[in-house]
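Worksheet: one structure, shown below.
No lab work stands behind these numbers, since they all come straight from the coordinates. Please read all numbers here as calculations on a predicted model, not as lab measurements. Counting neighbours? That spans all protein chains shown, and the Cβs are built from the backbone with ideal geometry, glycine included.
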Amino acid sequence: MRWQQMNNKISVLIPAAGQGKRMETSVKKPYLMLGDKPILSHTIEHFEQNSVIDEIIVIVDESDFTICNEHVIVPFRFKKTRELISGGETRQASVFNGLQTLSDDVDYVVIHDGVRPFINDDIIFRCLEATSECGASVAAVPVKETIKVANKNQYINYTPERELLWRVQTPQVFRKSLLVEAHNKAIQDGINAPDDATLVEKLGVPVKLVMGSYKNVKLTTPEDLRFAETLLNDRR
């Protein structure tokens, strides 16, 4: 599958400014080694090699500019990485900072977690195709487990239908104008949401779920990192 609208300008924002305390290491998650390169380098590499991506903007803590350049970007000669942007206090603020750097001719914005290194072209193209039709899409996978919704005392309140439940991933892809509108409205209304799709939903705009991959994991804990090493070895 290949996305055919090659005349659209597509920018990727990669938030990687989190502290990653659950990884239980003194090194921040994006800079931990996975095989022969840092996790963040694996992530950037997928978009670097994708034929329809025009530019990549990496969002990190300002104090990490040097380590990110010296260990993540320069050694691997990434050409599409336009610049590093300072992150905000929240992920939402970090993405907003990235949006401010985009030129007027950008058509689509791809948001992808810096520590989700097993993204692939098929997922990227599926999201772009869906967004070209409806303006907003997110990669996601159906949940495998039965989910229980609890009350504040940790008693089961009800059991939702599993067939309707999806675990959201990234990339999340939007028409630039729609995403900018959603972020501006969130600032106006004092809303802080867990992801960009939620902000778009609050505009009353439907967001399309696109099949992701169970391998497209976000590396958050030491167990995730061990699983990632297994995935990397299998891919090789």
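Computed values, structure above
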read-out	value
SER177, SER94 arranged by Cβ crowding within 10 Å, fewest neighbours leading	SER177, SER94
Helix-derived mean residue ellipticity, 222 nm - over the chain, DSSP H n ≥ 4, -39500 (n - 2.57), to 500	-8500 deg cm²/dmol
Least to most buried among CYS127, CYS68 (fewest other Cβ within 10 Å first)	CYS68, CYS127
Across LYS176/LYS218; LYS144/LYS202; LYS79/LYS208; LYS21/LYS148, pairs whose alpha-carbon gap is larger than 29 Å	LYS79/LYS208
For segment 69-136, size of Cβ-based charge dipole, Lys and Arg +1, Asp and Glu -1, in debye	300 debye
Two-site label geometry, ASP104 and ILE147: point separation in nm, points 7 Å out along Cα→Cβ	4.2 nm
When the convex hull of its Cα atoms is projected in every direction, mean area for segment 184-236 (nm²)	5.5 nm²
Cβ-placed point charges (K, R +1; D, E -1), dipole of the chain about Cα centre in debye, nearest 20	520 debye
Projected-area average for the chain over all orientations - Cα convex hull basis, square nanometres	14.1 nm²
